[in-house]
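J.: Mind having a look at this structure? Questions to follow.
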Amino acid sequence: MGSNWFVALAGFLLIFNSAEALVTIDVHDAKDLLDSGAYWYVDARTKEEFKEGYVDVKKIVNIPYMFKTPEGNFTKNPLFVKHVSSIFKNDCPLIVGCLSGSRSLHAATALENSGFKNVTNMGGGYSAWVKSGYPVKKP
């Protein structure tokens, strides 16, 4: 496994590995792309987190990248990529988000490594979305 290179440039974080570059954008750029209607938002948070509130966009789906165990630890969802693949074609434009941008970075990387071609990570996650005053839905 090769090493990763990180480059920050004009609001984008590019993570270079041996094959592809994963793009991370801030919530402002994510909102613009999501409002355009061309992108789907994949919320990679747990079902419990999602039920507490989520970004208010037209195209959204909650597919947890990790599950919370009864002990309060997190464990990776072994079916994450399979579940995403069952809903989206590998060329569908996706923005992946979580609470802070960390889990979604791993989730987006997993999707890209599995052949998805248009995956973007939302840096700062739901927390940054809320802090920016963007609309949320709370069931």
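J.: Between residue 35 and residue 117, what length comes free when the chain is fully extended (0.36 nm per residue of separation minus the Cα-Cα distance, one decimal in nm)?
T.: 27.5 nm
J.: Per DSSP helix of 4 or more residues, -39500 (n - 2.57); summed, then divided by the residues of the chain. What does that give at 222 nm, rounded to the nearest 500? Walk me through the numbers before you get to the answer.
T.: Working: 5 runs with 42 residues, N = 139.
Here the helix-only value at 222 nm equals -8500 deg cm²/dmol.
J.: Using all C-alpha to C-alpha distances in the chain, build P(r) with 5 Å bins and read off the rounded percent in each one.
T.: Pair shares across the bins are 2, 10, 21, 24, 21, 14, 6, 2, 0.
J.: What is the gain in length, in nm to one decimal, between residue 85 and residue 51 on full extension, counting 0.36 nm per residue of separation less the C-alpha to C-alpha distance?
T.: Length difference between fully extended and current span is 9.9 nm.
J.: Considering only protein heavy atoms and a probe of 1.4 Å, how much of the accessible area of the range 70-139 is carbon and sulfur, as a whole percent?
T.: Carbon with sulfur: 54 percent of the solvent-accessible area.
J.: Just add up the charged neighbours of residue 60: K/R +1, D/E -1, any other residue whose Cβ is under 12 Å from the Cβ of residue 60.
T.: Neighbour charge sum, excluding residue 60 itself: +2.
J.: Taking the Cβ of residue 84 as the centre, find all other residues whose Cβ is under 15 Å away and add up their charges (Lys, Arg: +1; Asp, Glu: -1). Mind dumping the intermediate values first?
T.: Working: positive: 45, 59, 76, 82, 89, 103, 117; negative: 43, 91, 112.
So the environment of residue 84 carries a net charge of +4.
J.: Continuing with the same structure: Can you order the peptides 73-83, 96-106, 54-64 by their average number of other Cβ atoms within 10 Å per residue, highest first?
T.: Most protected by this proxy first, the peptides run 96-106, 54-64, 73-83.
J.: Per residue, what accessible area does the range 67-139 have, given a 1.4 Å probe and all protein chains present, in Å²?
T.: 55
The values are calculated or read from the model by the stated rules, or taken from the named source; none is laboratory data. None of these values were measured; they are calculated from a predicted model. Virtual Cβ from ideal backbone geometry, glycine too; neighbours counted across all protein chains shown. The area values use the complete protein model at the heavy-atom level, side chains included, leaving out ligands, DNA and RNA. Shrake-Rupley method; radii C 1.70, N 1.55, O 1.52, S 1.80 Å.
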